[in-house]
Amino acid sequence: MFGMATSDLVFVTNGSFFSLLTWLNRVGGSGIDLRSKARTLSGPVSDPSKLPKWNYDGSSTGQASGEDSEVILYPQAIFKDPFRRGNNILVMCDAYTPAGDPIPTNKRCAAAKIFSHPDVVAEEPWYGIEQEYTLLQKDVKWPIGWPVGGFPGPQGPYYCGVGVDKAFGRDIVDSHYKACLYAGISISGINGEWEFQVGPTVGISAGDELWVARYVLERITEIAGVVLSFDPKPIQGDWNGAGAHTNYSTKSMRCDGGYEVIKKAIEKLGARHTQHIAAYGEGNERRLTGRHETADINTFIWGVANRGASIRVGRDTEKAGKGYFEDRRPASNMDPYVVTSMIAETTILWKP
């Protein structure tokens, strides 16, 4: 069946074949559960507005009661299907009640309103999201490459490492990279630390593309017989957790004099630190400890080239006097619709 992990969906078609999928927000408590179902159409479609709405049983996903179970899917964005290929497509959607109201787990609708605000549109917010994840052995839920019931050596040799004793799951990482490129996702890179980057993307497309990239990765790990985890710290210990560092800029930041705009935006983010942390993913307190390249969850600091800060500004941005900054606080299980729209709202719309 089809669910919704924030309120999103995806359709697929190949001439006469069309498949749908959707994400359930907080189904099972994680907020990132992925569901899918398929539908056949009479011909290919390239415009989401030309696709029909569909429905699913919300009582099976924790989004509706059995007495009034229909949840309606609204198509929003189309991607090529890297699994069925041909004319097949994946379609990102969000979910509504039959009366046309967004269901509570539909985070895309609220984000779209922020991104359609004239002041936000004028600033053309760009995002680059660094999505980290963990690959677990299916039967024991222990990271692949780790001795069962034991731990690896210090993490130094593994970061972007090469070799059978240092690099694990490369076939999954590379397959995901190729599949995202085929789908038309703006995947800009991968790291051997189990991370991929999506961006730069503009506005609401950042959330659409990251959700579809997560879906594609989940499908690939399904084929590989490996469990995909977005938990920010699936195994406690002396190593880095998993985050979703969010790189951000506006038109004003990218123009001459933009460094002053960046500093003012960071000041605003600091003033709303508590609100942002509350929306930046579940279990983040296990990751944001002040160690392992993080700032303490209760502390807001920023710095140039400081990976132990809440906000990091790159050396190139400081030197050029314009550019972007990185919000290092979001957890790997964050909802990209929530995080990207909240950053835009705080830095562009919010008046202290």
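Could you please find all residues in region 183-205 being within 19 Å of residue 248 (Cβ to Cβ) and touching a Cys at 6+ places or on another chain (Cβ under 9 Å)?
Hits for region 183-205 are 186, 187, 196, 198.
So residue 239 fits all but one of (1) open to solvent by 40 Å² or more (accessible area, probe 1.4 Å); (2) touching a helix residue (DSSP H, G or I) at 6+ places or on another chain (Cβ under 7 Å); (3) more than 30 Å from residue 320 (Cα to Cα); (4) not charged (D, E, K, R); what number is the exception?
(2)
Checking residue 187 against (1) without any contact (Cβ under 8 Å) to a residue 40 or more places away in the chain; (2) out of contact with any helix residue (DSSP H, G or I) (no Cβ under 7 Å at 6 or more places or on another chain); (3) buried (at least 18 other Cβ atoms within 10 Å of the Cβ); (4) not polar (S, T, N, Q), which single condition isn't satisfied?
(2)
Would you check if there is a residue in region 55-68 being small (Gly, Ala, Ser) and in contact with a Pro (Cβ under 8 Å, 6 or more places away or on another chain)?
No, region 55-68 contains no residue that is small (Gly, Ala, Ser) and in contact with a Pro (Cβ under 8 Å, 6 or more places away or on another chain).
Identify, please: which residue in region 242-255 is part of a loop (DSSP other than H, G, I, E, B) and either open to solvent by less than 10 Å² (accessible area, probe 1.4 Å) or over 24 Å from residue 201 (Cβ atoms) (or both) and is, among those, modelled with the highest pLDDT?
250
How many residues does region 159-176 contain that are of a type outside the set (Gly, Ala, Ser), under 19 Å from residue 332 (Cα atoms) and crowded, with 16+ Cβ neighbours inside 10 Å? Steps first, answer last, please.
Kept after step one, since they are of a type outside the set (Gly, Ala, Ser), are these residues of region 159-176: 159-160, 162, 164-166, 168, 170-174, 176.
Of the ones still in play, those that are also under 19 Å from residue 332 (Cα atoms) are 159-160, 172-173, 176.
Subset that is crowded, with 16+ Cβ neighbours inside 10 Å: 172-173, 176.
Of the residues in that region, 3 qualify.
Restricting to region 37-85, give me the number of residues that are open to solvent by 60 Å² or more (accessible area, probe 1.4 Å), polar (S, T, N, Q) and farther than 23 Å from residue 207 by Cβ.
Qualifying residue count, region 37-85: 3.
Please indicate, with yes or no, whether at least one residue in region 83-106 is outside any strand (DSSP E or B) and under 16 Å from the mean Cα position of the chain (by Cα).
Of region 83-106, the ones outside any strand (DSSP E or B) are 83-88, 97-101, 103-106.
Filter once more, keeping what is under 16 Å from the mean Cα position of the chain (by Cα): 105-106.
For region 83-106, residues outside any strand (DSSP E or B) and under 16 Å from the mean Cα position of the chain (by Cα): present.
Consider residue 265 carefully, then state whether it is surrounded by 20 or more Cβ atoms within 10 Å (Cβ to Cβ) and not in a helix (DSSP H, G or I). Even if it seems obvious, please write down each step before you answer.
On the way: surrounded by 20 or more Cβ atoms within 10 Å (Cβ to Cβ): yes; not in a helix (DSSP H, G or I): no.
No: the conditions fail for residue 265.
Take the residues of region 210-221 that are open to solvent by less than 10 Å² (accessible area, probe 1.4 Å) and under 14 Å from residue 134 (Cα atoms): which is farthest from the chain's Cα centre (by Cα)?
Step by step, filter region 210-221, then rank; the result is 221.
Within region 129-147, can one find any residue that is assigned to a loop (DSSP other than H, G, I, E, B) and more than 28 Å from the chain's Cα centre (by Cα)?
From region 129-147, those assigned to a loop (DSSP other than H, G, I, E, B) are 133, 138-142, 144-147; that's our starting set.
Imposing the further condition that a residue be more than 28 Å from the chain's Cα centre (by Cα) reduces the set to 147.
Among the residues of region 129-147, at least one is assigned to a loop (DSSP other than H, G, I, E, B) and more than 28 Å from the chain's Cα centre (by Cα), which makes the answer yes.
Looking only at residues in region 86-117 that are free of Cβ contacts under 8 Å to residues at least 24 places away in the same chain and of a type in the set (D, E, K, R), which one is least open to solvent (accessible area, probe 1.4 Å)?
For region 86-117, the residue satisfying everything is 101.
Would you point out the residue of region 168-209, among those that are aliphatic (A, V, I, L, M), under 13 Å from residue 133 (Cβ atoms) and part of a helix (DSSP H, G or I), that is nearest to the chain's Cα centre (by Cα)? It would help to see each step written out before you state the result.
Kept after step one, since they are aliphatic (A, V, I, L, M), are these residues of region 168-209: 172-173, 179, 181, 183, 185, 187, 190, 198, 202, 204, 206.
Okay, now just the ones that are also under 13 Å from residue 133 (Cβ atoms), so 172-173, 190, 198.
Checking which are part of a helix (DSSP H, G or I) leaves us with 172-173.
Numbers: 172: 18, 173: 16 Å.
The residue in question is 173.
Check residue 120 against each of (1) among the aliphatic types (A, V, I, L, M); (2) crowded, with 21+ Cβ neighbours inside 10 Å; (3) within 23 Å of residue 340 (Cβ to Cβ) and name the one condition it does not meet.
Every condition holds for residue 120 apart from (2).
If you go through region 28-47 one residue at a time, do you hit one that is at pLDDT below 80 and of a type in the set (Asp, Glu)?
Yes, region 28-47 contains at least one residue that is at pLDDT below 80 and of a type in the set (Asp, Glu).
Would you confirm whether or not region 307-322 contains a residue that is assigned to a loop (DSSP other than H, G, I, E, B), more than 24 Å from residue 115 (Cβ to Cβ) and open to solvent by 50 Å² or more (accessible area, probe 1.4 Å)? Reasoning before the result, please.
The first filter runs over region 307-322 and keeps only residues assigned to a loop (DSSP other than H, G, I, E, B), leaving 307-310, 314, 321-322.
If we keep only those that are more than 24 Å from residue 115 (Cβ to Cβ) as well, we get 307-309, 314, 321.
Keeping just the survivors that are open to solvent by 50 Å² or more (accessible area, probe 1.4 Å) gives 307.
Within region 307-322 (the criterion being assigned to a loop (DSSP other than H, G, I, E, B), more than 24 Å from residue 115 (Cβ to Cβ) and open to solvent by 50 Å² or more (accessible area, probe 1.4 Å)), the answer is yes, since at least one residue qualifies.
The values are calculated or read from the model by the stated rules, or taken from the named source; none is laboratory data. Remember, it's a predicted structure, so these values are computed and weren't measured experimentally. With ideal geometry, Cβ positions are generated from the backbone for all residues, glycine too; neighbour counts draw on all protein chains shown. Only protein heavy atoms, including side chains, enter the accessible area calculation; ligands, DNA and RNA are left aside. Shrake-Rupley method; radii C 1.70, N 1.55, O 1.52, S 1.80 Å.
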